[in-house]
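Computed from the coordinates by the stated procedures, all read-outs in this text should not be read as laboratory data. Not measured: the values here are computed from a predicted model. Positions of Cβ are generated from backbone atoms using ideal geometry, with glycine treated the same way; all protein chains shown enter the neighbour counts.
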Amino acid sequence: MTGIEIDTTRYDSGERMPSVDSRIYSNRQIFEEELEKIWKKVWLVTVHESEIPEPLDFRTITIAREPIVIVRGTDGTVRAFLNVCPHRGNLILRQPSGSLTVAEPSGNANHMTCMFHAWQFDCFGRCVDIPRMKQGYQERLRNEDVALTELPCEVAHGGFVWLSLNPDSGPLSAFTGGAFDAMKTELETEPLDVFHYHKAIIPSNYKLWHDTNSEFYHDYMHYFNRATSMVQKGYFDRRYGAFPNGHATVGSMEVKYDAYKGAAERPLSFPGMERNGWKMVDLFPGATYNIRGSSLRLDTMTPISADLVMIEFRGLGLKKDTAEERAQRIRDHNTIWGPFGRNLHEDLLGITGQGVTMRPGTAPRRILHGRHENNLIHDEIGMRHYYAEWARRMGRSPANPMAAPIAMAAE
Amino acid sequence: MSITTTDEIETTRTAIRETIYRACLLLDDGRFADWLDLCAPDFRYQIKAFSPEIRKEMTWYEQDVSGLRTMIEMLPKHNTDHGRLMRHATVYTIDIDRDGGNAVATTAFSCYRTAFDGINSHLDAGESQLFVIGRYHDRLRLGADGPRFVERTVVLDTRRLDKGSHYPV
């Protein structure tokens, strides 16, 4: 399942001990550059289609400080627009979710209405009403001149809404490549449904969370994982796969959940997945699909500043679940992944601590990414592969990021 | 056990109110085993919240007595935040069944965390911050030993919990 050769990365070639400079996590200039060169350029996974099940349902999100509204049209198609009124730049939809079928104080039902001056837009982004347009603009402005800015948007890889701020982003399939090949059956056989959502804002750099999701050496932090996985057969055989554009996968094993007192074997699974299996897809620049037997967790990140990140956590099961099956998946999910679960709290403490030592203005430090274990589970190839892509897009070496930008070869 | 007179009702309400407040103090002090002594053997504990993002009521935590005891027993094996959680609670309503066997109570609470580890303990230790707010929806069984919790559903209004917690709220 390995998509590309993963033994070489651009920033560590020739180094005895691959490392990165901590300023990639703490420098404000680098962060701003990341927003421009990465977050505004690539495809990003956002909400799940089950969050907008009906025509005219909407969700609002933010990417690289740009407010975005995702709307299911009356034709059933999901579209994304900048959530910015083209009149005086006000935010149009202010709620996290809702239905356009509900009229607003300034506007009619079935429209997105800017409350400021009551400009109204339909679910296709077309401007449908400008109050006193002819009196104010005469013939100089027409409705069709001021449509909302539509963004590239696709529903894929388990029914998630993917979008890009880059109008020239190309098809999503070219960006994800073969990264989902190993999870295709689990994600595509049955429609999925979200049962869990919560978010955390953590004073740390977003890449540190992705690093945590990209290496398993940190299982030493989790008693749950040591008991149920690390000492079990197959753990050290789990293999990383690396794919173009910085994505990586982690192969499965059979987790012995009942090896942790109080936990139980997970009787439910996903289509095509062995019972108690565990596989992951880490997506550049900041999302992870993680299936552990009966539940899928999706982490998505919204970088806020060099030392602040919002992480959203979703848990999903199958749409066809019975009430009993759904309750079982939720219990399994919460054991380690809920806000009161065993593992998530520990993971968040980990990057919180890193955030203290790598705040803007702290001394540059060498951060080791140098474990080589034949691309198996405690190898740090996942991080090295990520930073090779980071280097390519940023034109900077992660090991020497403050040097003059360098021209990097194309992938 | 029929509770009919005004005095009986008020005495029972006082006992329920004190049981709820005593539970808060025991949780504040981390005396989880003593807290569970206030619970019936068939006690169930849940933490729930409604997410407008996914338009669903969510269950974030669910345990029976055995599960809670095990969870508490396993805590020392886990890395955790060592801040102290302290509750401020007000019992709003108590409704006693006609037959006097059970009661339900609604309590508003806020839970503060006083940092020990914090983010950087040198800076944060000693600082109190609001962790979560919500309501306790309790069902209690009334017996000779006094009221015992049969069910507690913590309904959180707070939905952004940042680093979260290993402890019941």
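Numbers at a glance
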| read-out | value |
| --- | --- |
| Sites matching trypsin sites (Lys or Arg not before Pro) across segment A:215-324 that sit in DSSP coil, with at most 11 neighbouring C-beta atoms within 10 Å | A:Lys233, A:Lys261, A:Lys320 |
| Principal-axis tilt of helix B:6-28 within chain B, Cα atoms, nearest 10 degrees | 20 |
| Two-site FRET efficiency, B:Arg84 against A:Arg126, from Cβ-Cβ distance with R₀ of 56 Å, rounded to 0.05 | 0.50 |
| DSSP bridge orientation in segment B:6-156 - percent antiparallel, rounded to nearest 5 | 85 |
| Computed lengthening from A:Glu32 to A:Thr77, 0.36 nm per intervening residue step minus Cα-Cα distance | 12.9 nm |
| For A:Arg371, A:Arg393, order by how many other beta-carbon atoms lie within 10 Å, fewest first | A:Arg371, A:Arg393 |
| Modelled FRET efficiency - R0 56 Å, A:Val155 with A:Ala363, Cβ distances, 0.05 increments | 0.80 |
| Degrees separating the helix B:65-74 axis from the principal Cα axis of chain B, which is the longest one | 30 |
| Estimated distance in nm for a label pair at A:Met17 and A:Ala323, the labels positioned 7 Å out from Cα along Cα-to-Cβ | 5.9 |
| Reachable lysines, given that their alpha-carbon falls under 21 Å from the alpha-carbon of A:Lys37 and they are not under 8 places away in the same chain | A:Lys207 |
| Euclidean distance of C-alpha centroids, segment B:83-110 and segment A:194-272, integer Å | 39 |
| Share, in percent, of DSSP beta bridges within chain A that are antiparallel, nearest 5 | 100 |
| All aspartates and glutamates inside 17 Å of A:Lys134 as judged from Cα atoms, apart from same-chain residues fewer than 8 positions distant | A:Glu144, A:Asp145 |
| Qualifying lysines (Cα of each under 19 Å from Cα of A:Lys320; at least 8 residues distant if same chain) | A:Lys184, B:Lys56 |
| Efficiency of FRET from Cβ geometry, B:Glu127 and A:Lys233, R₀ 51 Å, rounded to 0.05 | 0.65 |
| Cα→Cβ-extended label distance, 7 Å offset, between A:Arg371 and A:Met402, nm | 2.9 |
| Residue exposure sequence - A:Ser26, B:Ser2, A:Ser19, A:Ser295 - by fewest surrounding Cβ within 10 Å | B:Ser2, A:Ser19, A:Ser26, A:Ser295 |
| Residue exposure sequence - A:Met280, A:Met402 - by fewest surrounding Cβ within 10 Å | A:Met402, A:Met280 |
| Around A:Met358: net Lys/Arg minus Asp/Glu count, Cβ-Cβ under 9 Å | +2 |
| Positive minus negative residues near B:Tyr92 (Lys, Arg vs Asp, Glu; Cβ under 14 Å) | +1 |
| Chain A: angle of helix A:342-357 to the longest principal axis, Cα-based, in degrees nearest 10 | 80 |
| Cysteines without a disulfide-compatible partner [chain A; Cβ-Cβ under 4.7 Å] | A:Cys123, A:Cys127, A:Cys153 |
| Cα→Cβ-extended label distance, 7 Å offset, between B:Asp157 and B:Thr5, nm | 4.0 |
| Charge dipole (chain A, unit charges on Cβ, about Cα centre) - positive-most of A:Cys123, A:Met310, A:Pro271 | A:Met310 |
